[in-house]
Amino acid sequence: MVDEKNGGRECPIEETMKIFAGKWKASILYHLREGECRFNELRRRIPGITQRMLTQQLRELERDGLVIRKSYDEIQPKVEYSLSEVTHSLDALFAAIELWGRTHAQVIAEARHDYDLQHKAELL
């Protein structure tokens, strides 16, 4: 989407949201906030994610400079993932999003419930 106010460039919010697009990226970043983590540990922390999807999402986050992949050349290969400095600059944003989610979770759950009741016939 071209933004006329931005000299014909993409909207900065849209560009940023593209980086976080994907069902699992937010969860990956959330869990990496706790520190370095190996692949299988991340998989255990994120129920429902497949090995293939975790690999894909980690590669995209690494490509965008948000995640650092560190490979250790050992007899049993070891790979750890961590957040980059640029990702740490998002700490305040992540904290605000987390607070917003906790604060409004009940309202959103009620709205979804009401919507589903009103549109029950359409959902079947």
Proximal aspartates and glutamates relative to LYS18, as straight alpha-carbon distance under 13 Å, when same-chain residues fewer than 8 apart are discounted: GLU10, GLU60, ASP64
What's the exposure ranking of CYS37, CYS11, going from fewest to most Cβ atoms within 10 Å? CYS11, CYS37
Tell me the label-point distance for the pair GLU34, GLU14, using the 7 Å Cα-to-Cβ offset, in nm and rounded to one decimal. 3.7 nm
Projecting the Cα atoms of LEU29, LEU58, GLY48 onto the charge dipole of the range 6-67, where Lys and Arg contribute +1 and Asp and Glu -1 at Cβ, the residue farthest towards the positive end is GLY48
Degrees separating the helix 91-118 axis from the principal Cα axis of the chain, which is the longest one: 40 degrees
With the crude spin-label approximation of a point 7 Å out along Cα→Cβ, what separation in nm comes out for GLU110 versus GLN51? 4.5 nm
For the pair ALA21/ARG44, report the inter-label distance in nm, with labels modelled 7 Å from Cα in the Cβ direction. 3.4 nm
Among the GluC sites (Glu not before Pro) within the range 67-124, which fall in a DSSP loop and have no more than 16 other Cβ atoms within 10 Å of their own Cβ? GLU74
Enter the angle in degrees (range 0 to 90, nearest 10) between the Cα long axis of helix 51-63 and the first principal axis of the Cα atoms of the chain, meaning the one along which they spread out most. 80 degrees
Built amide H within the under 5 Å cut-off of ILE68, gap 5+: SER82, LEU83, SER84
Would you order ILE97, ILE46 from fewest to most other beta-carbon atoms within 10 Å of each residue's own beta-carbon? ILE97, ILE46
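Only the coordinates and a few stated rules stand behind these numbers; no lab work does. What you see is a predicted model; the values in this text were computed from it and never measured. Reconstructed Cβ throughout: ideal geometry from the backbone, glycine too, with neighbour counts over all protein chains shown.
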